[in-house]
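The values are calculated or read from the model by the stated rules, or taken from the named source; none is laboratory data. Keep in mind the model is a prediction, meaning the values are calculated, not measured. Cβ coordinates were reconstructed from backbone atoms using ideal geometry, including for glycine residues, and neighbour counts include every protein chain displayed. SASA here: full protein model, heavy atoms, side chains in, ligands and nucleic acids out. Shrake-Rupley method; radii C 1.70, N 1.55, O 1.52, S 1.80 Å.
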Amino acid sequence: NEGAINDLYMNWMGNGVEDYLAWGFAVFEYSIRYETVALNHANAGETFEVVIMGFEQVAERLLLYQEWMLPLWGEFSESLARASAKGVAIECLSIGHVELPLNVLSLLAPALKVAPIKLLHLKNNGLRRDGIIFLSKTIQKNQVLERLALKETQLLDVSSVVSLVEPSQYDNRLRSLSLDNCNIGLKAALMSTLLHTLSLSKNIRNLSLAHNNIGANESEMVASYLATDPPIASLDLVGNLLSDADVVLIMSALKTNTTLRGLRLSGNPIGEASKVAICEAIYNVSSLNTINSSNHTCLVASDFYVQDCNRYVSQNANRISKLLGVLYSELAFTFLEDVPLAVVPFVLNFVQYSSFKLPLTRIFHLVRDWETLRTNLCQRDNVETKRKRSDINLRLG
């Protein structure tokens, strides 16, 4: 892992060696040879996490060693393909801080098409337009890949962005896409194209756009996208340039969104206005009706504490939890101010004996139609009274 490699580097420097390039190649050679040998000796049914690393400071300059690197890539690709044929599972294939030009991707392509890789994690690989498109077409063939992470990659044109989402249009299992530190926010066209293409996707459920310089222009696109209730279940916007106004806009989109299960906003320059907007979106306690119409699916994570809401998988359970939360509180009577006086006893009776097993229709009656609630409860009581009288008459008879 990176931490261990950094420790080794400090030892290397402590011995008076200051050749970053030689160090970077040494790290790469060691990691790829180690993984090649491990895959060659793997047995059917085993699960591997494969990590090939270079050195961040000299990732691009490692191409100077390409004459020695290409045979190592070829041997690794062959060992990966053989291990896959034997039934070895690859939980993760991670390649970081080493360039992946087209000739290297061509060597890896046969294995990437068939290897049972669940997560392909690529970081700081110097991928350009042609490389990204080539990679996308390659993984379209993989029927096991579930998650693709492409980090610290400069997405410079629309075609490369489209190609990344294209695999989800095919019959594969790709569900998660991570594009962290790709500077997507620097070009509005890239964000617009990405969200439009995702709106056509049926497979992608998790999207990470952390540390992408996303700001005011892009927040409007994100809000418009979420308002259409797309199939995205989680969205990571950590470490961007969102302001309070941007968060308010995004939170307003949650009013019509019932699919998003998680939204991460930590690390953005936001303050109290954002906190208020988040609270109003997921737990608006102005009245019972506003609580009922709040978002009951999305768990929002930010740098400040917001009441822990929407913890349950069930949207209905979250709604009931919030309603009962205020009705059980010391301020319960303030939430009953708009309830007709004749209905208050029925509401209090409901709160006293309620549980999450009660039908949701009772909650809807509670907050939507007080007259219907009173009528239904009165009818229920009348039926119960008639039954008791009938029992009495039978016993007397």
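Assorted remarks:
- The length gained on full extension between Tyr312 and Arg175, counted as 0.36 nm times the residue separation minus their Cα-Cα distance, comes to 47.1 nm.
- Positive-end extreme of charge dipole, segment 39-147 - chosen from Gln140, Pro116, Asn40 (charges on Cβ): Gln140
- Residues of segment 94-121 falling in the label zone of Glu78, defined by backbone nitrogen less than 11 Å from a point 7 Å along Cα to beta-carbon, are absent.
- FRET efficiency for Ser252 and Ser106, using Cβ-Cβ distance with R0 set to 56 Å, rounded to 0.05: 0.75
- In nm, spacing of pseudo-spin labels at Ala301 and Asp130 (7 Å Cα→C-beta vector): 4.0 nm
- FRET efficiency, Leu186 to Cys92 (Cβ-Cβ, R0 45 Å, nearest 0.05): 0.95
- Those residues of segment 251-271 whose amide nitrogen sits under 20 Å from the label point placed on Thr290, 7 Å along Cα→Cβ: 251-257, 271
- Globularity index of segment 40-151, i.e. its alpha-carbon radius of gyration over 2.2 N^0.38 Å: 1.02
- Average accessible surface area per residue within segment 217-322, 1.4 Å rolling probe, Å²: 41 Å²
- Length gained when the stretch Tyr34-Arg261 is fully extended (0.36 nm per residue, less Cα-Cα span): 77.8 nm
- Amide H contacts of Leu299 (H built 1.01 Å from N, under 5 Å, at least 5 apart or other chain): Gly262, Leu263
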